[in-house]
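A.B. asks: A single structure is presented below for examination.
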Protein chains: 2
Amino acid sequence: MPQTGAARRRAGRPAAAVLDQAGITAAALRLIGKTGYDGLTMAALARSLNVAPSALYNHVESKRDVLLLVEDHLTALVDVTAFAAEPWESAVRKWAWSYRDVFAEHTPLIPVIAVLPVTDAPQTLAMYETVSAGFRAAGFPEERIVSAIVALESFIFGSAYDVTAPADIFDSGSMAESTPSFTGAVRSLAALGHEKPADVAFSLGLEALIAGFGALRE
Amino acid sequence: MPQTGAARRRAGRPAAAVLDQAGITAAALRLIGKTGYDGLTMAALARSLNVAPSALYNHVESKRDVLLLVEDHLTALVDVTAFAAEPWESAVRKWAWSYRDVFAEHTPLIPVIAVLPVTDAPQTLAMYETVSAGFRAAGFPEERIVSAIVALESFIFGSAYDVTAPADIFDSGSMAESTPSFTGAVRSLAALGHEKPADVAFSLGLEALIAGFGALRE
DNA sequence: CTAATAAATGAATGGCATTCATTTAGTGGT
DNA sequence: ACCACTAAATGAATGCCATTCATTTATTAG
């Protein structure tokens, strides 16, 4: 029984390295799953790895670095396989839903991703390569490929937030009488049924984008 | 000369109230303009109002409350006037561009807005009312109005982030050879010209959404 | 063998939002 | 006119956070 709870490691470099980026990434994901992004602190991360907080800084430069590692790991989970096997429309559809679903659980990463140079994220770059090759193969004019992908991504990120919104987000409360048009529209959407509102909106927007962009193909 | 720099106010309730929500909102906006959202701390906000930090908590419950005040103030700046005067397509177009431009300067608010019950933000609710009335008047089926607005908003929020991205965000760097399709697409977009890439992508996506949603009108 | 480097500990540091006891001023009721 | 209550300020904590630094120990290069 070498340890109970927190085994004290004596100061100095250990015989075998305890930490590496892959381990830090995995621990961060585990921690996020358990405690959410609020619980992801450098101290908690260190504790979950049975290490002093300062030890992390031998492997990452900052907490932002940790978020980048997580982001790149998650991007690899986005399903781009359809671009190899299916027509453009359904490939884009599957990719977009998968992309949204992955990041809906990780919206705190969105501000990081949105400003992230692709150089710093190899998996993300790989996704772009597959997607842009799919657009090209589908006859998309080259100079519009990036803009179309960016537009889709913007919609996807915004929609990922939408998934996390509380169910009563559109409850106009005491202002209902002064906002008849909006209140009525909210009511008639609710009356419609069981499908999640975020999914309805995402589907509506995505199909419009696919139809609009599909018309650009030569 | 009653004061140089920071006039010390003695403890206890002053004869006339120093703070109110409108003043806090205005000071927060001034501070954000000068120092960005990183500089918006409760301490800095208090200093700019010549007040102790704890005094703020007599008027707001938390920093999130301050962000909400700012958000609602900014939403009132979004231009919805076209819904009263112009055809649906151009009204949506003007609203969307204005909405994006306002929040492109305030992306740190987006995570707050996206999850914000409209009850808590009267100006925001007022905007929804005007927009949904415009959709209704244009012959939009009632049960799709909210979904269409949500989809547009998602696209707008995502695109607002895009505006703030660094110019070299798509520079694939040393990975250029392994990502020929993407690298080529980035190059041919750059070759195209002067318009800002974020504007091109926003226009492309917005026109697709307007065209797609326009077809839903009865 | 020795110098440089890598990877850990543990003890700061400074900043942050927030809370609380205290002080003072206005307000509503009798 | 008095008194209790509430509102609005100060100033001094509190606890958490990311990050830095001196120090220790082990591995690696020359």
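A.B. asks: Just check the protein assembly as shown against the gyration tensor rule for me: Cα atoms, a ≥ b ≥ c as the square roots of the eigenvalues, rounded for a/c under 1.5, and otherwise prolate or oblate depending on whether a/b exceeds b/c. Walk me through the numbers on the way to the answer.
C.D. replies: On the way: a/c = 1.73, a/b = 1.03, b/c = 1.68.
The shape class here is oblate.
A.B. asks: Something else now. Would you work out if segment A:143-182 is rounded, prolate or oblate? Take a ≥ b ≥ c from the square roots of the eigenvalues of the alpha-carbon gyration tensor; rounded if a/c is under 1.5, else prolate when a/b is larger than b/c, oblate otherwise.
C.D. replies: Oblate is the answer for segment A:143-182, as a/c is 1.5 or above yet b/c matches or exceeds a/b.
A.B. asks: With all protein chains present, how much of the accessible area of segment B:73-214 (probe radius 1.4 Å) comes from carbon and sulfur, to the nearest whole percent?
C.D. replies: Here carbon and sulfur together make up 57 percent of the probe-accessible area.
A.B. asks: Averaging sequence separations of C-alpha pairs under 8 Å and six or more residues apart, then dividing by the length of chain A, give the relative contact order as a whole percent. Provide the component values of the computation, followed by the final result.
C.D. replies: Working: 156 pairs, mean separation 38.1, N = 218.
Relative contact order comes out at 17 percent.
A.B. asks: Could you rank A:Trp97, B:Trp88 by how accessible they are, 1.4 Å probe, largest area first?
C.D. replies: A:Trp97, B:Trp88
A.B. asks: Taking 0.36 nm per residue of separation and subtracting the Cα-Cα distance, what length does fully extending B:Ala43 through B:Arg10 add?
C.D. replies: 10.0 nm is the gain from fully extending B:Ala43 to B:Arg10.
A.B. asks: Placing a label point 7 Å from Cα toward Cβ, how far apart in nm is A:Ala84 from its equivalents in the other copies, listed shortest first to one decimal?
C.D. replies: Spacings between copies for this position, smallest first, are 5.7 nm.
A.B. asks: Using a 7 Å offset from Cα along the direction of the beta-carbon, what are the separations from B:Lys63 to the same position in each other copy, nm, ascending?
C.D. replies: Going from nearest to farthest copy, the values are 1.0 nm.
A.B. asks: Okay, next question. Could you give the DSSP H helices of chain A that reach 15 angstrom or more along their long axis (alpha carbon positions) and whose average Kyte-Doolittle hydropathy is no lower than 0.5? Please list the in-between numbers first.
C.D. replies: On the way: long enough: A:21-35 (20 Å, 0.65); A:63-75 (18 Å, 0.06); A:88-104 (24 Å, -0.52); A:122-137 (22 Å, 0.07); A:142-164 (35 Å, 0.77); A:180-192 (18 Å, 0.86); A:197-214 (25 Å, 1.24).
For chain A, where a helix must reach 15 Å along its axis and average at least 0.5, the hits are A:21-35, A:142-164, A:180-192, A:197-214.
A.B. asks: Given the whole protein assembly as supplied and a 1.4 Å probe, what does the accessible area of A:Arg9 come to in Å², nearest 10?
C.D. replies: 110
A.B. asks: Using a 7 Å offset from the Cα along the Cα-to-Cβ direction at both B:Glu218 and B:Asp171, what is the distance between the two label points in nm, to one decimal?
C.D. replies: My value for the distance between the label points is 5.4 nm.
A.B. asks: Also, I was wondering about something else. Specify whether the C-alpha gyration tensor of chain A places it in the rounded, prolate or oblate class, a ≥ b ≥ c being the square roots of the eigenvalues: rounded for a/c under 1.5, otherwise prolate if a/b is larger than b/c and oblate if not.
C.D. replies: Note, shape of chain A comes out oblate.
A.B. asks: Toward the positive end of the charge dipole of chain A, about the Cα centre and with charges on Cβ (Lys, Arg +1; Asp, Glu -1), which of A:Ala211, A:Leu29, A:Gly158 goes farthest?
C.D. replies: Result: A:Leu29, furthest along the dipole toward the positive end.
A.B. asks: Could you give the dipole magnitude of segment B:73-214 about its Cα centre, charging the beta-carbon of Lys and Arg +1 and that of Asp and Glu -1, in debye to the nearest 20? Before the final figure, lay out the partial values.
C.D. replies: On the way: 7 positive and 17 negative charges, 31 e Å.
Rounded to the nearest 20 debye, it is 140 debye.
A.B. asks: Distance between Cα centroids, segment A:189-214 to segment A:34-53: provide it in whole Å.
C.D. replies: 38
A.B. asks: Heavy-atom accessible surface, probe 1.4 Å, ligands and DNA/RNA ignored: which residues of segment A:184-207 lose at least 40 Å² versus the isolated chain?
C.D. replies: Residues passing the criterion (a loss of at least 40 Å², heavy atoms only) are A:Ala185, A:Ser188, A:Leu189, A:Ala201, A:Leu204.
A.B. asks: Quick one: which of B:60-70, B:28-38 comes out on top by average Cβ neighbours within 10 Å, and what's the full order, highest first?
C.D. replies: For the peptides B:60-70, B:28-38, the packing ranking is B:60-70, B:28-38.
A.B. asks: Only helical DSSP H runs with n ≥ 4 go in: add -39500 (n - 2.57) per run for chain A, normalise by residue count and round the 222 nm mean residue ellipticity to 500 deg cm²/dmol.
C.D. replies: -19500 deg cm²/dmol
A.B. asks: Would you mind getting the accessible area per residue of segment A:1-82, heavy atoms of the protein chains only, 1.4 Å probe, in Å²?
C.D. replies: The answer is 63 Å² per residue.
A.B. asks: Nm distances between the label at A:Ala26 and the same-position labels in the remaining copies, 7 Å along Cα→Cβ, shortest first?
C.D. replies: 5.7
The values are calculated or read from the model by the stated rules, or taken from the named source; none is laboratory data. Quick caveat: nothing in here was measured; it's all calculated off a predicted structure. Cβ coordinates were reconstructed from backbone atoms using ideal geometry, including for glycine residues, and neighbour counts include every protein chain displayed. Just so you know, the surface numbers come from the protein's heavy atoms only, side chains and all, with ligands and any DNA or RNA stripped out. Shrake-Rupley method; radii C 1.70, N 1.55, O 1.52, S 1.80 Å.
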